[in-house]
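What follows is a short report on a single structure.
The values are calculated or read from the model by the stated rules, or taken from the named source; none is laboratory data. Fair warning: this is a prediction, and the values are worked out from it, not measured in the lab. Cβ placement follows ideal geometry from the backbone for every residue including glycine, while neighbour counts extend to all protein chains displayed.
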Amino acid sequence: MKKVLTAAAALFLSAACSNQSPAAPGGTAEAPEPTWSVACASGATAIDGVGDLDLDCLGDEAPTSVGPGERPLVVVLWASWCGPCQAEAPEVEAFYQAHGDQVDVLGVDTADTRDMGRSFAEEFGMTFPSVFDPEEAVRIGLGVPGLPGVAFVNPDGTVAALVAEPGVTTEILTETAETAFGLELA
């Protein structure tokens, strides 16, 4: 009887741990590849602390210089595995939709995988560009202790403000950008 139970348990565990899926008899079920793709524009100026840094655009994988162009830049550090980042993603998107004509926004997918980052961006309907930073160069360069984090960068590359705690809302982003950049955002 013990041999029968052992064999039954082994068979059950083998079936439970197999990589076969009912959706794909005889093979593995693969998650669909994310389709999210927003192109990035290279910045003209290096960010203080970060320096001249080129990262791949998360959307189209083109090399992208991380830094501001002619307008102020809001750098948003996020990752698919970051719980507070999930809560903040709609807030950042709302800020971008409201003020993207006055302030540039660049997401930085930090310590993540490209597919998970793209899936996250797709799930939250992100329309602002993001770069892929698996080595956390931007987070480390800015001195942000962990995710999430937001840096407000002047066109000359100086960091005017840094928010390094969770709970960012559209209102906080707007107020901080107005103060940091001396703007009245409409």
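Quick look at the values:
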| quantity | calculated |
| --- | --- |
| Selection within the range 47-58 - assigned to a loop (DSSP other than H, G, I, E, B) and either crowded, with 17+ Cβ neighbours inside 10 Å or on the phi > 0 side of the Ramachandran plot (or both) | Gly49, Val50, Leu53, Leu58 |
| All positions within the range 114-136 that are under 10 Å from the mean Cα position of the chain (by Cα) and either outside any helix (DSSP H, G or I) or outside the structural domain of Leu55 (by TED's automatic domain parsing) (or both) | Met126, Pro129, Ser130, Val131, Phe132, Asp133 |
| Hits in the range 124-144 - residues which are in contact with a Leu (Cβ under 7 Å, 6 or more places away or on another chain) and among the polar types (S, T, N, Q) | Ser130 |
| Of all residues in the range 146-171 being within 19 Å of the chain's Cα centre (by Cα), among the β-branched types (Val, Ile, Thr) and not in a loop (DSSP other than H, G, I, E, B), the one that is surrounded by the most Cβ atoms within 10 Å (Cβ to Cβ) | Val153 |
| Residue under evaluation Glu175, criteria (1) without any contact (Cβ under 8 Å) to a residue 40 or more places away in the chain; (2) under 20 Å from Ala89 (Cβ atoms); (3) in contact with a Leu (Cβ under 8 Å, 6 or more places away or on another chain), criterion not met | (3) |
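Every residue, every condition in (1) assigned to a loop (DSSP other than H, G, I, E, B); (2) outside the structural domain of Glu123 (by TED's automatic domain parsing); (3) touching a residue at least 40 places away in the same chain (Cβ under 8 Å); (4) β-branched (Val, Ile, Thr), yes or no:
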{"site": "Ser42", "(1), (2), (3), (4)": "yes, no, no, no"}
{"site": "Asp60", "(1), (2), (3), (4)": "yes, no, no, no"}
{"site": "Pro68", "(1), (2), (3), (4)": "yes, no, yes, no"}
{"site": "Val74", "(1), (2), (3), (4)": "no, no, yes, yes"}
{"site": "Leu77", "(1), (2), (3), (4)": "no, no, yes, no"}
{"site": "Pro84", "(1), (2), (3), (4)": "no, no, yes, no"}
{"site": "Glu88", "(1), (2), (3), (4)": "no, no, yes, no"}
{"site": "Phe95", "(1), (2), (3), (4)": "no, no, yes, no"}
{"site": "Asp101", "(1), (2), (3), (4)": "yes, no, no, no"}
